[in-house]
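Student: Here you go, one structure.
The values are calculated or read from the model by the stated rules, or taken from the named source; none is laboratory data. Just so you know, these numbers come straight off a predicted model, no measurement behind them. Neighbour counts are summed over all protein chains in view; Cβ atoms, including those assigned to glycine, are modelled from backbone coordinates with ideal geometry.
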Amino acid sequence: MQQEGKTAVLVSADSKVIGAIGLLDMAKQGAKEAVAARKSPGIEPVMLTGDNKRTAEEIARMVWIERVFAGVLLSGKVDIVKKIQLQEGKKVVAMVGEGINYAPALSAADVGIAIGSGTDLAVEAENVVLVRDNVRDVVSAIET
């Protein structure tokens, strides 16, 4: 199951394992279309997540993202944003995220885009707030 990017959950009864369930994270609805709409020379979609490597790679494959940073903790996300900004030809980084685990990295990015369904901390820290939980709105925000 783990080789397929699934999280294995064991089921037990009377102290004996009686089964296993494979849970698979799914990409946000519209993510594939949003990535495809922004993929062009000079724009590289990158996934930065705390999820395990296999899960992240599977989701990235689903939405056509080739570069993945997985298993990254809170402070590590900020470090990766800064690395991309400074060490890779001074790139401008627009970061999209939701939740408290992304707030510091969103703030470190040149443009932080918070998905409105995320926590208040993430929403307060950013340059752009998408009030609908629709990742396709990222494309509209960038084009504007």
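Student: Can you tell me which residue among V111, V35, V72, V96 is of a type in the set (V, I, T) and at pLDDT 85 or above?
Tutor: V72
Student: Give the residues of the range 92-105 that are surrounded by 13 or more Cβ atoms within 10 Å (Cβ to Cβ) and part of a loop (DSSP other than H, G, I, E, B), sorted by residue number.
Tutor: V93, E98, G99, I100, N101, Y102
Student: Something else: Among the numbered criteria (1) free of Cβ contacts under 8 Å to residues at least 24 places away in the same chain; (2) of a type in the set (A, V, I, L, M); (3) touching a Gly at 6+ places or on another chain (Cβ under 9 Å); (4) in a helix (DSSP H, G or I), which single criterion is violated by A60?
Tutor: (3)
Student: Condition test on I65, is it at pLDDT 80 or above, among the β-branched types (V, I, T) and part of a helix (DSSP H, G or I)?
Tutor: no
Student: Pull up the range 30-53, narrow it to residues that are without any contact (Cβ under 8 Å) to a residue 60 or more places away in the chain and of a type in the set (K, R), then point me to the one that is surrounded by the most Cβ atoms within 10 Å (Cβ to Cβ).
Tutor: Among those residues, the one meeting the criterion is K32.
Student: Okay, moving on. V138 passes all but one of (1) outside any loop (DSSP other than H, G, I, E, B); (2) modelled with pLDDT of 80 or more; (3) of a type in the set (V, I, T); (4) within 22 Å of A37 (Cα to Cα); which number fails?
Tutor: (2)
Student: Here's a follow-up. Taking the range 1-25 on its own, how many of its residues are closer than 29 Å to A60 by Cα, not acidic (D, E) and not in a strand (DSSP E or B)? So that I can check it myself, show each step before the final result.
Tutor: Of all residues in the range 1-25, those closer than 29 Å to A60 by Cα come to 1-11, 19-25.
Now drop any that are not not acidic (D, E), which leaves 1-3, 5-11, 19-24.
Retained after the next criterion (residues that are not in a strand (DSSP E or B)): 1-3, 5-6, 24.
Qualifying residue count, the range 1-25: 6.
Student: If you go through the range 54-80 one residue at a time, how many are of a type in the set (D, E), surrounded by 14 or more Cβ atoms within 10 Å (Cβ to Cβ) and touching a strand residue (DSSP E or B) at 6+ places or on another chain (Cβ under 9 Å)?
Tutor: Going through the range 54-80 one residue at a time, the tally reaches 1.
Student: Quick check on the range 81-91: of everything there that is modelled with pLDDT under 85 and of a type in the set (K, R), which residue is surrounded by the fewest Cβ atoms within 10 Å (Cβ to Cβ)?
Tutor: Out of the qualifying residues, it is K90.
Student: Which condition number does N52 fail, the rest of (1) over 11 Å from the mean Cα position of the chain (by Cα); (2) more than 15 Å from M26 (Cα to Cα) being met?
Tutor: (2)
Student: Still on this structure, please answer the following. Checking T7 against (1) more than 15 Å from the chain's Cα centre (by Cα); (2) surrounded by 15 or more Cβ atoms within 10 Å (Cβ to Cβ); (3) free of Cβ contacts under 8 Å to residues at least 24 places away in the same chain, only one condition comes out false. Which one?
Tutor: (3)
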